Amino acid sequence: MAPKLPPHHPVQQSSTVSGAGQAAAHAAPRGLMRWLLTTNHKEIGSLYLIFSLSMFFIGGIFALVVRAELFQPGLQLVNPEFFNQMTTMHGLIMVFAAVMPAFTGLANWMIPLQIGAPDMALPRLNNFSFWLLPVAFTLLLSTLLMPGGGPNFGWTFYAPLSTTYAPPSTTFFILSLHIAGISSILGAINIIATILNMRAPGMRLMDMPLFCWTWLITAFLLIAVMPVLAGVITMMLMDINFGTHFFNAAGGGDPVLFQHLFWFFGHPEVYIMILPAFGIVSAIIPTFARKPLFGYASMVYATAAIAILSFLVWAHHMFVVGLPLAAELFFMYTTMIIAVPTGVKVFNWITTLFRGSITFEPPMLFALAFVVLFTIGGFSGLMLAIAPADFQYHDTYFVVAHFHYVLVPGAVFAIMAGGYYWLPKWTGHYPNVKLAQWHFWLSVIGVNLTFFPMHFAGLAGMPRRIPDYALQFADFNLVSSLGAFMFGASQLVFVAVVILCVRGGERAPAKAWEGATDLEWTVPSPAPLHTFETPPTFRPQAH
Amino acid sequence: MRMSFVWMASGLVGSAAAPAALASGWNMPVGVTDLSAEIHSLHMTIFWICVIIGLVVFGVMFYSLFKYRRSRGAKAAHFHENTTVEVIWTAVPLLILIGMAVPATATLKKMYDTSDAELDVMIIGQQWRWRYEYLGEDVAFNSSMSTPRAQIRGEEPRGEHYLLEVDNPLVLPINRKVRFLMTSDDVIHSWWVPDFAVKQDTIPGFINENWVRINEPGIYRGQCAELCGMDHGFMPIVVHAMEEEEFDAWLVERREEAEQEAMGADREWALEELMERGEMVYASICASCHQPEGQGAAPAFPALAGNQRLLDDLAWHLDVIVNGVSGTAMPAFRSTLNPVELAAVTTWTRNAWGNDTGDAVQPSAVVEKLAQ
Amino acid sequence: MTDARRPPPNPGVRRTVIRSVAALVGMFAFAFALVPLYDVFCRVTGINGKVDTTAQAIVHEGVDDSRYVTVQFITRNGAGLPWNLEVETRQLRVHPGQTTEVGFAFQNASGEGTWGRAVPSVSPSNASRHLRKVSCFCFEEQHLEAGERLELPLVFQLARDLPPEVNTVTLVYTLYPVERDPVERDGKAQQGRVAGGVASNEGGEA
């Protein structure tokens, strides 16, 4: 399937390509080398998306191992040691190898098209940052086969469980995370350089589509916090291998310091996984409501506000580690304030729907489900912000329910919405509507069956990351496991839709959706390999 | 299909509200302390605020989705940006949040007030059991899960309190303010009893505080809440809350037991006696890592059965048990097991599973080693 | 692929990249700077019950006779150090402003000399910044010969501005082994490391 995406187009098919300099392009390598050496933003974008989708299935299989074990009380399939490796790997793969690369892939494909640039600012760096990813995650997955197994300390890898008490493979885990981190950083630099320098003449920052805006802010977040992650794991590496005591109380270190550093990275990281999703939804809802986004400027400001606040809330992940009262209150207040800009976004989307002319094409279905289900995740987030109550919620399935609501029907649904929205641009064909509807409904039902009961399990007292549970949690877990397998299976439908869409289907015109307005809809569908070699003339429209 | 979308989604919103509020076992327990009840009411308040906001927001959304469908001939309006509306939807949530922050702050302040405690209990997390020390009372014991592994493997029917039962529950008086001092011997654990609304991390090398004043006698159960390695799921907490007089009597009884045990360290113990006691200690303290048959779990937990170094070197063997091994999961048991238990478990591990050294390690020898 | 049609290098891109890389380097350094900053921050605010690890001067601010504070002492053993640590009294009542000395006895219960350290922690955390330790064994690492017993004092003072709601202060000392430089630690400590190594190797082979 890989070499089919995106198709190599004869030059004459593109109306926006200038005639000059065409011949030189055809010295390009073919076959595998074409993909290894490509510096084309569309090809690299496709590589990112294919990689991300594969990793989504690998991480999903790990999740299904977990859910299968939790299907009923007792230990049936795996031992607790392997169970911990599965929960850890599921989290790491989904965060670093599925969601983040998916957004980078979409950025690669769409940002140059949306701002009228011929390619990313740093094409060769772009190639390098993609190819680091398979290296990083092959290494990470290989730790499962090493003596003592892979990482088993949760995706948050709290010291000293991840240092003094960690399996021998932890050094490789650190190395792979370093490589993945470098990849994200390079991707972020590239996106910033592209957006700041390569916009079509006349396009001011405040004229950009929101997807570019949210990604620009995300890229700044990445540059600010990925080095902190690199610092933390370097300290772990030194504690493990060079006898330092950053996190070891025995040597005068402090395990809580690890958590501060980790969450200083970790909370902005959460927004790194959701801000681009806001951008995608903000493109889709106006398109299918046939009405401009209600408050473009307030969306930009809200995104920036969320990004800035994300640096001031990290310790809400640490309400029960024994912070002093003053710190507890400070982080409770800042966390609650995040609800305000997030609310502004939701209100904006809904006001955009109000008095629109709405249709329910597949991207719109996913975007609407995003608004509803992400908001439910936001509500449980608000509950978690109440520090006294968090003493009861912390580290239970209530938290698991919360962050899966914001990440699965949140981030992942937004990525899928983006996929359905831009597939006509990528392939030249509309995705099969019937199959897409099946995918949507099975996913929505599956996701809610999986994660909604987790709220109850958590409130009733089930801690997270346990391989076996007391009998009163059995019903919730049974439903969750059934839902998880349903959700997992329904993603195969998505793969089918994508493959069918690449191979054929109803032809899409340049402007594939009636209500779409951004620049990407001015180039032909499928987008030729080279677009906007002559910058387009951009006429600012009322956002 | 579009209709079903509307119904489906509104059903979803409804399902968020109804069951959580109704059935017990679906919701946070009210608990048995004033603070747990306060936290429960905070939880319910914020929950209903979310439900109401959700109903309004999703109400407008689904109304719009229904009313302004193009299939019903809706024509798009083109309004956007309205400062008044934007100010309102920024200010109103802010006011609601302030309204929520006030009671939350008050409750949090109470939770942090550990002064004037009448009893201090030190809670120590260890992979994978809890240790409780009643400060100034000379009473201390370990508390491990007592659910048999056969139940976990499904070879026996599971009991009512499957995974939530221990050999030695923490015993506390009702109506007295009990201060918990929490720390850990290895990784971070978290001591959580939902009925007390007490959840606090135990951190190696550092000390945390929390407190409880229980209103109702009873048996309350909880679990470790922070991932702490392989058997994180198997370190439950059971608290037995008693009337005050009953508690005082229990304390005296425990103290006498400990004294008797200490006196037992002076006499000569027979191999069988030591083996019998050692098997119990091993099952409760050692088996979770070194496995019931002493086979260990590579690479973190070395095998004891057939371990040549252990068989050859009694002094080293005892030293590892008494002092632990720095940088590994093996803690020092010098102050958490008494000399009789140390001698018994050393004897057991030297003679069980084909380790037939015939050594009977006497408690008196251990006493000597501890003081040397 | 090298593409002849790539637009001419954009000076803006160069500037952006240089700035981004500078920001990256800065943030990486910042992560490491957070380690000492956090220490300072904790000591100033008393987060985590961290206490100053250097001696402080007594402040002659007069004794507050109207108020008693209970001070508890707890000693604990970390893994790998065959020592006993005893305190002469487990609990005493002091007035804020009063300077108090408490004796601690270290004893090496093994047959070899070893290095160790008592890591301090104070609870409640908001008391730690009002605790002045004039002299404490926890400021430095100790060396004890085989069977040696060493008595060391803790001299401390609770500041008069100790928050009124604090009426019990708990000081906990946990003993941990110290790996000193090879000359000093030679015999026993090395054996200790070997023991650790053997323990895990055996597991690996089993």
Top-ranked residue of segment B:265-286 - restricted to ones that are among the small types (Gly, Ala, Ser) and surrounded by 16 or more Cβ atoms within 10 Å (Cβ to Cβ), ranked as farthest from the other protein chains (Cβ to nearest Cβ): B:Gly278
Selection within segment C:76-109 - buried (at least 20 other Cβ atoms within 10 Å of the Cβ) and polar (S, T, N, Q): C:Asn77, C:Asn108
Residue in segment A:370-382 that is modelled with pLDDT of 95 or more, at the interface with chain B (Cβ under 8 Å from one of its Cβ atoms) and closer than 19 Å to A:Phe211 by Cβ present: yes
Residues (in contact with a Leu (Cβ under 7 Å, 6 or more places away or on another chain) and free of Cβ contacts under 8 Å to residues at least 60 places away in the same chain) located in segment B:27-48: B:Asn27, B:Ile46
Of all residues in segment B:103-117 being within 7 Å of chain A (Cβ to nearest Cβ) and touching a residue at least 24 places away in the same chain (Cβ under 8 Å), the one that is surrounded by the most Cβ atoms within 10 Å (Cβ to Cβ): B:Ala104
Within segment B:132-149, considering residues that are touching a helix residue (DSSP H, G or I) at 6+ places or on another chain (Cβ under 9 Å) and within 14 Å of chain C (Cβ to nearest Cβ), the one nearest to A:Pro80 (Cα to Cα): B:Ala140
A:Ala224 modelled with pLDDT under 95, assigned to a helix (DSSP H, G or I) and in contact with a Pro (Cβ under 9 Å, 6 or more places away or on another chain): yes
Unmet criterion (only one of (1) in a helix (DSSP H, G or I); (2) touching a Leu at 6+ places or on another chain (Cβ under 9 Å); (3) more than 14 Å from chain C (Cβ to nearest Cβ); (4) not acidic (Asp, Glu)) for A:Asn126: (3)
Matching residues in segment A:505-536 - criterion: being surrounded by fewer than 20 Cβ atoms within 10 Å (Cβ to Cβ), touching a strand residue (DSSP E or B) at 6+ places or on another chain (Cβ under 9 Å) and at pLDDT 90 or above: A:Glu506, A:Arg507
Single residue of segment B:49-102 satisfying the filter (in contact (Cβ under 8 Å) with a residue 24 or more places away in the chain, within 37 Å of the chain's Cα centre (by Cα) and more than 20 Å from A:Asn348 (Cα to Cα)) that is surrounded by the fewest Cβ atoms within 10 Å (Cβ to Cβ): B:Ile49
B:Arg129, sole failed condition from (1) in contact with a helix residue (DSSP H, G or I) (Cβ under 8 Å, 6 or more places away or on another chain); (2) more than 10 Å from chain A (Cβ to nearest Cβ); (3) more than 30 Å from C:Thr170 (Cα to Cα): (3)
A:Ser54, sole failed condition from (1) of a type outside the set (A, V, I, L, M); (2) more than 27 Å from A:Thr39 (Cβ to Cβ); (3) assigned to a helix (DSSP H, G or I); (4) free of Cβ contacts under 8 Å to residues at least 40 places away in the same chain: (2)
Residue among B:Thr336, B:Thr328, B:Thr357 that alone is at pLDDT below 85, among the polar types (S, T, N, Q) and touching a strand residue (DSSP E or B) at 6+ places or on another chain (Cβ under 7 Å): B:Thr336
Residues of segment B:250-287 classified as without any contact (Cβ under 8 Å) to a residue 40 or more places away in the chain and among the aromatic types (Phe, Trp, Tyr), total: 0
A:Pro123 being surrounded by fewer than 24 Cβ atoms within 10 Å (Cβ to Cβ), more than 21 Å from A:Ile415 (Cβ to Cβ) and either of a type in the set (Asp, Glu) or without any contact (Cβ under 8 Å) to a residue 24 or more places away in the chain (or both): no
Cβ pairs under 9 Å, 6+ apart, first in segment A:241-263 and within 8 Å of chain B (Cβ to nearest Cβ), second assigned to a helix (DSSP H, G or I) and among the small types (Gly, Ala, Ser): A:Pro255/A:Ala249
A:Ala436 touching a Pro at 6+ places or on another chain (Cβ under 6 Å), under 17 Å from A:Pro101 (Cα atoms) and either at pLDDT 95 or above or crowded, with 24+ Cβ neighbours inside 10 Å (or both): no
Listing of helices (runs of 4 or more DSSP H) fully contained in segment B:258-361 that carry 3 or more residues being under 24 Å from B:Thr147 (Cβ atoms): B:271-281, B:287-290, B:339-351
Only listed residue being under 30 Å from B:Lys75 (Cβ atoms) and touching a Leu at 6+ places or on another chain (Cβ under 6 Å), chosen from A:Thr352, A:Thr359, A:Thr334: A:Thr352
Any hit, segment A:483-491, residues being more than 18 Å from A:His90 (Cβ to Cβ) and buried (at least 20 other Cβ atoms within 10 Å of the Cβ): no
Filter result for the condition that a residue is within 14 Å of chain B (Cβ to nearest Cβ) and assigned to a loop (DSSP other than H, G, I, E, B), over A:Ala527, A:Ala512, A:Ala516: A:Ala516
Residue ID - surrounded by the most Cβ atoms within 10 Å (Cβ to Cβ), chosen from residues in segment A:141-177 that are over 23 Å from A:Pro268 (Cβ atoms) and of a type in the set (Phe, Trp, Tyr): A:Tyr165
Wholly within segment B:132-230, strands (runs of 3 or more DSSP E) carrying at least 1 residues that are on the phi > 0 side of the Ramachandran plot: B:218-224
Test for A:Gly45: is it at pLDDT 75 or above, small (Gly, Ala, Ser) and surrounded by fewer than 16 Cβ atoms within 10 Å (Cβ to Cβ): no
Residue check for B:Tyr162: touching a helix residue (DSSP H, G or I) at 6+ places or on another chain (Cβ under 7 Å), closer than 26 Å to B:Glu293 by Cβ and not acidic (Asp, Glu): yes
Residue list for segment C:163-184, filter: of a type in the set (A, V, I, L, M, F, W, C) and either modelled with pLDDT of 85 or more or under 23 Å from the mean Cα position of the chain (by Cα) (or both): C:Val166, C:Val169, C:Leu171, C:Val172, C:Leu175, C:Val178
Qualifying residue in segment A:470-483 (condition: within 18 Å of A:Met110 (Cα to Cα), assigned to a loop (DSSP other than H, G, I, E, B), within 14 Å of chain B (Cβ to nearest Cβ) and touching a residue at least 24 places away in the same chain (Cβ under 8 Å)): no
Matching entry among B:Ser4, B:Ser64, B:Ser36 (being more than 26 Å from B:Ala106 (Cβ to Cβ) and either more than 7 Å from chain A (Cβ to nearest Cβ) or at pLDDT 95 or above (or both)): B:Ser4
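The values are calculated or read from the model by the stated rules, or taken from the named source; none is laboratory data. Because the structure is predicted, anything quoted here is derived from the model rather than measured. Don't worry about glycine lacking a Cβ; one is built from the backbone with ideal geometry, like all the others, and counts go over all protein chains shown.
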